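Please read the structure below before turning to the comments.
The values are calculated or read from the model by the stated rules, or taken from the named source; none is laboratory data. Because the structure is predicted, anything quoted here is derived from the model rather than measured. All Cβ positions, glycine included, derive from the backbone under ideal geometry; neighbour counts span all protein chains shown.
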Amino acid sequence: MQTATEPTSPDRPPVRAFLREHRVALIASVVVTGGFLWVLQQGALPVLPDPAARAQLQPAAVVAYASVFLLMLMLRAVRWHWLLAPVHPVDWRRILLVNFLFFGASVTLPFRLAEAVRPALIREKDKLSAWAIMGSVAAERVVDGLFASLLLFVSLALAVPLDPLPMPAALVPKAAYSAVGIFVALFVTLLVFYLWRNWARRTTEVVIGVASPKLARWLADKVDHLADGLRFLPQLKYSVPFLLATACYWALHVMGTWILMRAAGLGGLEVAQAAAVVGVLALGMLVPNAPGFFGTFQISVYAGLAMYRPGADVTGPGSVAVFWLYVVQIGMCLACGLVALVFELRMRKRSARRVTPAL
C-alpha cells in the first residue's frame, strides 16, 4: 500500500510538483512582469494601441504575417535535424513535434525553464545523450546570436538613425557592437574546444585553475560537452542546409516585420530599418524573461523603432505594429505547442496500450 509520503502519491500530481519545484522562479516572473508593465506605463509606451489606430490595420496583413511566422517556426524546427544528424538521426516528425512543444513552453514558462523540454523529450538511451542534445542547442543558440547581432550591426550601418537618438534607443548601437563581440567569442570558444580539445582543456585548467582548480575542471567539462554541438560544421551535407535554413529564417523574420509595420501605418519604413528592429528584438529576448516575453518584447521593438521614427509614430502606428507582432508571435507559438501536445499525449497513450499486458 502506498503512503501519502511516497513520491508517486496521487496527492502530488506532476503539475503541483512542477509548481512547487519552480515556485521561486514563477513568483519572480510575476514580479518581473509587473515591473515591465510599470516601465511601459512610465515611458508612455502603450501595451494596447488606441482603437482608432488599431482599426487602420487590415486583417489580411495580420493573416499574412501569421502565415510567414508559421513558416519561420517550421524552418526553425526542421533545421535542428542537421545539428543532431551527425550524432544520431532523428525522424523529421519527431523533430517537428518536440520543437513545437518547445515553442509553446518557451512562451509559457519564465526564465528559460523551457530549455529542458527538448533534451527531455528527444534523448534516446545509448544513441542520443542529453549532453549531445545540449551541445546542439548551444550551437543553435550561438549561431542565431551571431546572425542576429550581425544583422543589427549591418542594419545600423545601412539605415541612418535619428540625430540625436532618444533614450533607450541611444543604447542600441553600443549593445549591437557588444553583442557581436560576445557571440563571436562564444563561437570561437566552442570551435577551439571542438578542434583542439586537449589543448583547450589544459589551457582552461591552467588559467582558471589559478583561482579554483575545481571550477576549472567543471568549466572545461561543460564547454567540452557543448562543443560537440559543432560536429555538424565540417560536414557540408549538414552545415550547408542548416546555415541556409537559418539565413532564410532571419530573412523571413525581417520581411514579415517590414510588411506588418508598413501595413500598420509606418509608411516609408525601410527594409534595413525593419532589420534593425528585428535585431534589437532578438537581442532583447536573450535576457531572462517573464512568461510570454512580456515587457522585454514590447520595450525592444519600441527601442528599435525609436531609432528611426519620431515619438508620435512610435506610440501611434508603432504601437499597433508592436501589439500585432506580439499577439501573432506568442499566439502562434502557443497554438503550435497545444497541437503538438495533443499529438504527444495521443502517441504516449497508444504506446502505453501496446506495452500493457492483457489481463
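Quick notes on this one:
- The condition of being among the aliphatic types (A, V, I, L, M), in contact (Cβ under 8 Å) with a residue 24 or more places away in the chain, surrounded by fewer than 18 Cβ atoms within 10 Å (Cβ to Cβ) and under 21 Å from LEU70 (Cα atoms) does not hold for LEU325.
- For PHE69: the one exception among (1) under 20 Å from the mean Cα position of the chain (by Cα); (2) within 21 Å of LEU341 (Cβ to Cβ); (3) modelled with pLDDT under 80: (3)
- Just one of (1) within 30 Å of ALA170 (Cα to Cα); (2) under 23 Å from the mean Cα position of the chain (by Cα) fails for LEU341. It is (1).
- Residue satisfying all of: in region 87-141; among the hydrophobic types (A, V, I, L, M, F, W, C) and assigned to a loop (DSSP other than H, G, I, E, B); modelled with the lowest pLDDT among these: PHE111
- Whichever residue in region 263-278 is touching a Ser or Thr at 6+ places or on another chain (Cβ under 6 Å) and touching a residue at least 40 places away in the same chain (Cβ under 8 Å) and, among such residues, is nearest to GLN298 (Cα to Cα): VAL278
- Within region 336-354, the set of residues being hydrophobic (A, V, I, L, M, F, W, C) and either in contact (Cβ under 8 Å) with a residue 24 or more places away in the chain or farther than 30 Å from ALA282 by Cα (or both) comprises CYS336, LEU338, VAL339, ALA340, LEU341, PHE343, LEU345, MET347, ALA352.
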